[in-house]
Amino acid sequence: MPDISLVKLCVVGATGRMGSTIVSEAPADRFRITGAVAAEGEPAIGRSLRELEIADLDLKVTTPASLTELLPSADACLSFTSPAAELANLPKVVASGRPFVLGTTGFSETEQKHVLDTLNGKVPCVMASNFSIGANMLFAMASTLKNLPPDFDVSVLEMHHSGKADAPSGTAKTIAELVSKSRGYSSTVSGRSGLSKRARGELEVVSLRGGGMPGEHAIYAFGPHEMLKFEHLAFSRSAFAQGALLAARWITQDREPRVYSMLDVLGFKT
């Protein structure tokens, strides 16, 4: 039987694009928002989620300074913030021992290693660049490209709203890592101009930004006489929010203290 017990959540970045979607869409019969945190200095601080029209709750938005008090009463912590905020909040999450769902992207390689080293062996955590089920199916498919003949060239295209700060997206980086591993690519090119033929062992990753585009990712495999295209399109941020909530429920079920991916949540690997 599926687990339908109530899960109490502390959401960090609760007034941001993803955080507010998660808070507003968490079904009240299955999730209870016990903490809503926003960055210091945000106008939302001290106002309720109801006032902000995020959710029908009188819970007030607080600063990260309150995390130490909020986390013990939560079953899990979900965080969608900035890399700098995440690094500052991480010690509090680890000290609480609470299961963690980490959706922040844009970390440098050094920061990413620090995050993984800090979390592994300390708390159970689902860390993903993209929480939508469709995008993670795309990740799984990226690994199968190793079966294509060597004369196939693979490229990655991603599109997001004009306000997205990092490029390529975290999802595109994950796809690129999987493709490079499966195809043996040793370098990445993010754009071309002038005389720029594609070199052997080179992966193309292209980013487009515009309007309110929630997110689209595509993998192209170009053969001498045919082309394959694997594509995922998110119609709204609800796709990511529902995946994050699924991860939150999964990670609270007595998981070992290590970092998992959404592929673990979906049963693709253990």
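What's the total number of residues in the stretch 131-151 that are assigned to a loop (DSSP other than H, G, I, E, B) and either open to solvent by 10 Å² or more (accessible area, probe 1.4 Å) or within 27 Å of Pro224 (Cα to Cα) (or both)?
Count: 4.
List the number of the failed condition for Arg249; all other conditions in (1) open to solvent by 30 Å² or more (accessible area, probe 1.4 Å); (2) among the charged types (D, E, K, R); (3) at pLDDT 95 or above hold.
With respect to (1) open to solvent by 30 Å² or more (accessible area, probe 1.4 Å); (2) among the charged types (D, E, K, R); (3) at pLDDT 95 or above, Arg249 is out only on (1).
Among the strands (runs of 3 or more DSSP E) lying completely within the stretch 160-270, list those that include at least 1 residues that are under 16 Å from the mean Cα position of the chain (by Cα) and over 30 Å from Arg30 (Cα atoms).
216-222
Kindly establish whether Arg209 is loosely packed, with under 11 Cβ neighbours inside 10 Å and of a type outside the set (Asp, Glu). Steps first, please.
Values: loosely packed, with under 11 Cβ neighbours inside 10 Å: no; of a type outside the set (Asp, Glu): yes.
No, not satisfied.
Is it the case, given these coordinates, that Gly194 is out of contact with any Gly (no Cβ under 7 Å at 6 or more places or on another chain), of a type in the set (Gly, Ala, Ser) and either under 22 Å from Val126 (Cβ atoms) or open to solvent by 70 Å² or more (accessible area, probe 1.4 Å) (or both)?
For Gly194, the condition - out of contact with any Gly (no Cβ under 7 Å at 6 or more places or on another chain), of a type in the set (Gly, Ala, Ser) and either under 22 Å from Val126 (Cβ atoms) or open to solvent by 70 Å² or more (accessible area, probe 1.4 Å) (or both) - is met.
Determine which single condition Ser180 fails, assuming it passes every other condition in (1) open to solvent by 30 Å² or more (accessible area, probe 1.4 Å); (2) in contact with a Leu (Cβ under 6 Å, 6 or more places away or on another chain); (3) small (Gly, Ala, Ser).
Failing condition for Ser180: (1).
Report, by residue number, each residue of the stretch 10-35 that is under 10 Å from Ser79 (Cα atoms) and modelled with pLDDT of 95 or more.
Cys10, Val11, Val12, Gly13, Ala14, Gly19
Restricting attention to the stretch 81-128, which residues are open to solvent by 10 Å² or more (accessible area, probe 1.4 Å) and of a type in the set (A, V, I, L, M)?
Of everything in the stretch 81-128, those that are open to solvent by 10 Å² or more (accessible area, probe 1.4 Å) and of a type in the set (A, V, I, L, M) turn out to be Ala84, Ala85, Leu87, Ala88, Val94, Ala95, Leu116, Met127, Ala128.
For residues that are small (Gly, Ala, Ser) and either surrounded by fewer than 12 Cβ atoms within 10 Å (Cβ to Cβ) or in contact with a Lys or Arg (Cβ under 9 Å, 6 or more places away or on another chain) (or both), scanning just the stretch 21-51, find the one that is farthest from Pro214 (Cα to Cα).
Gly46
The values are calculated or read from the model by the stated rules, or taken from the named source; none is laboratory data. Note that the structure is a prediction, hence the values are computed from the model and not measured. Cβ sites come from the backbone with ideal geometry, for glycine too, and all protein chains shown count toward neighbours. For accessibility, only protein heavy atoms count, side chains too; no ligands or nucleic acids. Shrake-Rupley method; radii C 1.70, N 1.55, O 1.52, S 1.80 Å.
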